[in-house]
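Q: Below you will find the structure I want to go over with you.
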Amino acid sequence: MKAAFFIAFRYLFAKKSHSIIHVISLISLLSVVVCTGALFIILSIFNGLQNYVSHNFNTFHADIEITPKKGKTFVLSDDVLQSIYRVEGVDYVSEVLTDVAVFAYKDRQFIGKIKGVAPDYYRLKRLDTMVYAGSFLLASGPMHAAILGSGVASRLNCAVSSMFNNSLSVYYPNRHKKTNLANPTQNINIRRITPYGFFVSGTEYDASYVFVPIAFARDLMQYTNQITSLEIAVDPKASVKASIGKIKEVLGPDFYVKDAYQQEEDLYKVMQAEKTAIYLILTFILLVASFNIIGMIAILVLDKQKDINVLYSLGAPNAFVKRVFMLEGMMITFTGAIIGLMIGGIFCWLQTTFHLIHFGDGSYMLNYYPVKIYVRDIVFILLTVMIISFPATYIPVVKISERIFNSTFVSFF
């Protein structure tokens, strides 16, 4: 094995007798470098985007959300709620009532989502830390207050009020009255509430959500004790998966019990599908580039016929000769893969440090491409490169035999 490796190393790094072999070897090496580096960079960018989205959405979503499989609202008895409270790992539970409503402030209107929650809802995900104007206060005695997303506040040109002056109007259809086209205002419930704070979560919810006390939401929507979901915070030391399993046992089959990722399942599926598609495209390009290795090995075998005959004369078996050229092709591939990974790693470091590539013109929460490197991606890329390059090397090498090199060269294919 050492002798075969030494000969292959000399063939790769020693000065070539024909410049065409040197050129083809260099092209083969560069093709592997470019494909490997591009694959590493793109996978790292997708990792960065997924990590950014996961972090920001998870700051908004509850650890566990319970919703009905049928209908929009549901009611849980006190016994069931107490059973959920007693589940190991459950730290906080809030009833939630959410629907679409129309918000009006002075001469501006906006259609968004009203989310009725418990007054201490900030305990769920420390949402009070996201408030950049005013404070996270939903109720003070009989007075109600609203916390608006930054996008909603911008669309309404709304200002934070430190006084309970009921300056924000909320419109919602009256569920118990038939449509009266002659007087449409009779079909709408109108309530007024104070905009007491604005929040920024770095997600699309900033542009659509308004938090209000659940009592206010029930009064507006004319519900008694119905809710649209139950949101749960899990102790950081506990297992969310284990808690979900126990909650499902309490509730039975009529409810969805989702973790934070499942609440945005479609988004994550789309991102994963895009990542897989890019990986397959670049892998196909690498597969096409591997034909350079086939051509390089074929020409190298032609060039080294005299050397091969000498090896046969010295008693080297055919397997030894094949091993030399197999190692030659694998060394080119492995060297190209390592260089590609190094270049990709340097680029990722530069992107993380200096933010070289931006999204372009526009208003974004993040204006540059984030990067996240995972060791599993490095291993996966190396395996992909090796799996593709092995057949590319094996195809020409398998044709080598004493009969071929002791007589006129026969075509490889």
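Q: If you place +1 on the Cβ of every Lys and Arg and -1 on the Cβ of every Asp and Glu, how big does the dipole about the Cα centre of the chain come out, in debye to the nearest 20?
A: Working: 37 positive and 29 negative charges, 170 e Å.
I would put it at about 820 debye.
Q: Another question about this same structure. Go ahead and collect, in residue order, the members of segment 85-128 whose backbone nitrogen is under 14 Å from a label point 7 Å along the Cα-Cβ direction of Ser167.
A: Within reach of a label on Ser167: 104-108.
Q: Just to be sure I understand the model, the point goes 7 Å from the Cα along the line to the Cβ. What's the resulting Ala273 to Thr335 distance in nm?
A: 4.3
Q: Something else now. Do me a favour and compute the ellipsoid semi-axes for segment 204-320 from its Cα gyration tensor, root of five times each eigenvalue, largest one first, whole Å. Mind dumping the intermediate values first?
A: Details: eigenvalues 901, 82, 23 Å².
Values for segment 204-320, descending: 67, 20, 11 Å.
Q: To continue, here is another question. With r as the distance between the Cβ atoms of Val398 and Arg10 and R0 = 35 Å, compute the FRET efficiency 1/(1 + (r/R0)^6) and round to 0.05.
A: Plugging the Cβ-Cβ distance into 1/(1 + (r/R0)^6) gives 0.95.
Q: Right, something else. Send over a whole-number figure in Å² for the accessible area per residue of the chain, probe 1.4 Å.
A: 52
Q: What is segment 83-185 by shape, rounded, prolate or oblate, if you read a ≥ b ≥ c off the alpha carbon gyration tensor as root eigenvalues and call it rounded for a/c under 1.5, prolate for a/b larger than b/c, and oblate otherwise? Intermediate values should be presented prior to the final figure.
A: On the way: a/c = 2.31, a/b = 1.37, b/c = 1.69.
Oblate shape, in that a/c is at least 1.5 and b/c is the bigger or equal ratio.
Q: Carbon and sulfur: what percent of segment 250-335's accessible surface (1.4 Å probe)?
A: 66
Q: Would you mind listing how long segment 248-298 runs along its three principal axes, going by Cα atoms, in whole Å with the largest first?
A: Result, largest extent first: 68, 19, 14 Å.
Q: Quick check: from the Cα gyration tensor, does segment 132-213 come out rounded (a/c under 1.5), prolate or oblate?
A: Prolate is the answer for segment 132-213, as a/c is 1.5 or above and a/b outweighs b/c.
Q: Okay, moving on. What lysines does Lys69 reach when the alpha-carbon gap must be under 17 Å and sequence neighbours fewer than 8 apart in one chain are set aside?
A: Those lysines meeting the cut-off are Lys248, Lys258.
Q: Follow-up question, since we're still on this one. Would you mind calculating the gained length between Ile111 and Met386 on full extension (0.36 nm times residue separation, minus the Cα-Cα distance), in nm to one decimal?
A: Length gained between Ile111 and Met386: 93.6 nm.
Q: Let me know the shape class of segment 131-268, please: from the alpha-carbon gyration tensor, a ≥ b ≥ c as square roots of the eigenvalues, rounded when a/c is under 1.5, otherwise prolate if a/b is greater than b/c, or oblate. Mind dumping the intermediate values first?
A: Working: a/c = 2.01, a/b = 1.37, b/c = 1.46.
Oblate, since a/c reaches 1.5 and b/c is not below a/b.
Q: Could I ask something else about it? Give me the orientation-averaged projected area of the Cα convex hull of segment 1-135, in nm², one decimal.
A: Numbers: hull surface 81.4 nm².
The number I arrive at for segment 1-135 is 20.3 nm².
Q: Can you tell me what percent of all Cα-Cα pairs in segment 271-399 are more than 19 Å apart? Please report the intermediate quantities before stating the final value.
A: Values: 5153 of 8256 pairs.
Within segment 271-399, distances greater than 19 Å cover 62 percent of Cα pairs.
Q: Contour minus end-to-end for His55 and Ile190, with contour as 0.36 nm per residue of separation and end-to-end as the Cα-Cα distance?
A: Working it through step by step, the gained length comes to 45.0 nm.
Q: Report for the chain the percent antiparallel among DSSP-assigned beta bridges with both residues inside it, nearest 5.
A: 80
Q: Binning at 20 Å from 0, report for the chain what percent of all alpha-carbon pair distances ends up in each bin.
A: Result returned by the calculation: 21, 35, 22, 16, 6, 0.
Q: In terms of Cα to Cα distance under 23 Å, which lysines are near enough to Lys306, apart from those fewer than 8 places away along the same chain?
A: Reachable lysines: Lys2, Lys15, Lys16, Lys322, Lys399.
Q: Keeping all protein chains in place and using 1.4 angstrom, which order do Met386, Met331 fall into by accessible surface area, from largest down?
A: Met386, Met331
Q: About the Cα centre of segment 1-155, how large is the charge dipole given +1 on each Lys and Arg Cβ and -1 on each Asp and Glu Cβ? Please answer in debye to the nearest 20.
A: 1080
Q: Say we join alpha carbon atoms closer than 10 Å with springs in a Gaussian network model of the chain; which of Phe284, Phe359, Phe40 then has the biggest fluctuation?
A: Taking springs between Cα atoms under 10 Å, the residue moving most is Phe359.
Q: Would you mind finding the longest exposed-site-free stretch of the chain, with exposed trypsin sites (Lys or Arg not before Pro) meaning DSSP loop and at most 13 other Cβ atoms within 10 Å?
A: Value returned for the longest uninterrupted segment is 238-413.
Q: When the accessible area of segment 14-149 is split by element with a 1.4 Å probe, what percent falls to carbon and sulfur? Write down the numbers at each step before the final one.
A: On the way: 3560 of 6330 Å².
Of the solvent-accessible surface of segment 14-149, carbon and sulfur hold 56 percent.
Q: Follow-up. Taking 8 Å as the Cα distance limit and 6 or more residues as the minimum spacing, I'd like the relative contact order of segment 157-292 as a percentage.
A: Working: 81 pairs, mean separation 23.5, N = 136.
Relative CO of segment 157-292 lands at 17 percent.
Q: Another question, if that's okay. Given a Förster distance of 22 angstrom, what is the FRET efficiency for Lys72 paired with Glu204, based on the Cβ-Cβ distance and rounded to 0.05?
A: The calculated FRET efficiency here is 0.55.
The values are calculated or read from the model by the stated rules, or taken from the named source; none is laboratory data. Small disclaimer: the values here were computed from a predicted structure and weren't measured. Cβ atoms come from the backbone with ideal geometry, glycine included; neighbour counts cover every protein chain shown. Heads up: the accessible areas ignore ligands, DNA and RNA and are worked out on the full protein's heavy atoms, side chains in. Shrake-Rupley method; radii C 1.70, N 1.55, O 1.52, S 1.80 Å.
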